[in-house]
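See structure below.
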């Protein structure tokens, strides 16, 4: 199921990647960024390789139940000088005695019983294959989370850049207004100078912000594994899901959190390892059979009773039993080690469960705080805008001072910064909750 969903996302990644290279700088959506990362990300490719390797091992588990069949063949040519002395004083001597020997065999060995170890090994390899899929799922979820965080960080910095540019426009109007007031004799030169200084500071912030956005795009390109020079635009807003419930996250984490699933699977594998070790206490019963063929051809013999031609062919079979009696208590040691491994993995699972539970609670509290703060800041930005507009008009009419205007603009600037940061932090908290729940990729 997970692989089919992943394949669907990879198809989306292929089309989005083609769009990036075909159309140059265009709008890159978050779905396209995720799809491209799932298609190309190096860490996902490594996890995919590990998962495929484990699945390949599991696909050959049936071979443990099959017999082993081996064939062998050989041929020997001899050219010997022979000399024989007998007890009765007879001597025989022959040079250049040639002979050849051909032999072949077909051997079958079939393990019929090994204490059920082969069944435990089969189940263990299947569990390792599932562990590989869970490792792939964990890497995919972490990569998707990294893409979402990086993508919306670019959006956040883009919003910050827009805020700087809006503030620069207002500041430019303020400097021009201060200059006109100075020219007609109702303004002060320090107001013009301070306004110009503030405007230049905003221009510096603008340049710094552009450089930061480029750096974040480079980081996103690395996650997507596309050409570093690939350019694109991102969306202008950060959507936030405000309907996440703590109960759903807690129950979902128990069933879908990748870290918990992996820890639980390691417990299952450790138990199967213990079954393998216990099986080593039992006898191994095997069925053996062989077909042998040999032929010897002597051109001449020194001994008149030796055959010139000899050929043997035959089939044999039987059973063997290997009974473990004493092996320096190694089997007992391995069984105890396997039992300790089970205890270790169970404790590790409980520890992971505790950490995930704590992370869920803390992330949800942060999520709730950020939602409340976001509602306040969204309301506050309207007040800051209205206040800055009123003070600007009062300054234009000569009612407000330059310091009052600068304070209103600084308040608006801080309100923008808090709103943008809070919206991004809310998205971070949302993403972390979905990651802990294992719900970023289904």
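The values are calculated or read from the model by the stated rules, or taken from the named source; none is laboratory data. Just so it is clear, the structure is predicted and the values come from calculations on it, not from any experiment. Methodologically, a virtual Cβ is constructed for each residue, glycine included, from the backbone with ideal geometry; neighbour enumeration extends over all protein chains shown.
Data overview
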{"item": "Yes/no for residue 187 being modelled with pLDDT under 95 and in a helix (DSSP H, G or I)", "result": "no"}
{"item": "Which listed residue is closer than 30 Å to residue 431 by Cα, outside any helix (DSSP H, G or I) and within 51 Å of the chain's Cα centre (by Cα), from 262, 238", "result": "238"}
{"item": "Check on residue 142, within 24 Å of the chain's Cα centre (by Cα), surrounded by fewer than 21 Cβ atoms within 10 Å (Cβ to Cβ), modelled with pLDDT under 95 and assigned to a helix (DSSP H, G or I)", "result": "yes"}
{"item": "Unique residue being crowded, with 21+ Cβ neighbours inside 10 Å, farther than 17 Å from residue 250 by Cβ and in contact with a helix residue (DSSP H, G or I) (Cβ under 8 Å, 6 or more places away or on another chain) when the list is 433, 412", "result": "412"}
{"item": "Residues within the range 1-44 that are modelled with pLDDT of 50 or more, surrounded by 15 or more Cβ atoms within 10 Å (Cβ to Cβ) and assigned to a helix (DSSP H, G or I), tallied", "result": "12"}
{"item": "Single condition residue 243 does not satisfy, out of (1) within 24 Å of residue 433 (Cα to Cα); (2) touching a residue at least 12 places away in the same chain (Cβ under 8 Å)", "result": "(2)"}
{"item": "Within the range 84-102, tally of residues that are touching a residue at least 60 places away in the same chain (Cβ under 8 Å) and farther than 17 Å from residue 309 by Cα", "result": "4"}
{"item": "Residue among 234, 249 that is surrounded by 14 or more Cβ atoms within 10 Å (Cβ to Cβ), touching a strand residue (DSSP E or B) at 6+ places or on another chain (Cβ under 9 Å) and within 23 Å of residue 31 (Cα to Cα)", "result": "234"}
{"item": "Test: residue in the range 316-328 that is in contact with a helix residue (DSSP H, G or I) (Cβ under 9 Å, 6 or more places away or on another chain) and not in a helix (DSSP H, G or I)", "result": "yes"}
{"item": "Residue match in the range 203-218 (condition: in a loop (DSSP other than H, G, I, E, B) and modelled with pLDDT under 95)", "result": "no"}
{"item": "Count - residues of the range 111-120 that are touching a helix residue (DSSP H, G or I) at 6+ places or on another chain (Cβ under 9 Å) and not in a helix (DSSP H, G or I)", "result": "4"}
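Residue-wise test of (1) modelled with pLDDT of 90 or more; (2) touching a strand residue (DSSP E or B) at 6+ places or on another chain (Cβ under 9 Å); (3) assigned to a helix (DSSP H, G or I); (4) surrounded by fewer than 15 Cβ atoms within 10 Å (Cβ to Cβ).
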site: 96; (1), (2), (3), (4): no, yes, no, yes
site: 102; (1), (2), (3), (4): yes, yes, no, no
site: 122; (1), (2), (3), (4): yes, no, yes, no
site: 127; (1), (2), (3), (4): yes, no, yes, no
site: 131; (1), (2), (3), (4): yes, no, yes, no
site: 161; (1), (2), (3), (4): yes, no, yes, no
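Yes/no matrix, rows are residues, columns are (1) closer than 30 Å to residue 243 by Cα; (2) surrounded by 12 or more Cβ atoms within 10 Å (Cβ to Cβ); (3) modelled with pLDDT of 90 or more; (4) more than 49 Å from the chain's Cα centre (by Cα):
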residue: 301; (1), (2), (3), (4): no, yes, no, yes
residue: 307; (1), (2), (3), (4): no, no, no, yes
residue: 313; (1), (2), (3), (4): no, no, no, yes
residue: 321; (1), (2), (3), (4): no, no, yes, no
residue: 335; (1), (2), (3), (4): no, yes, yes, no
residue: 352; (1), (2), (3), (4): yes, yes, yes, no
residue: 359; (1), (2), (3), (4): yes, yes, yes, no
residue: 385; (1), (2), (3), (4): yes, yes, no, no
residue: 392; (1), (2), (3), (4): no, yes, no, yes
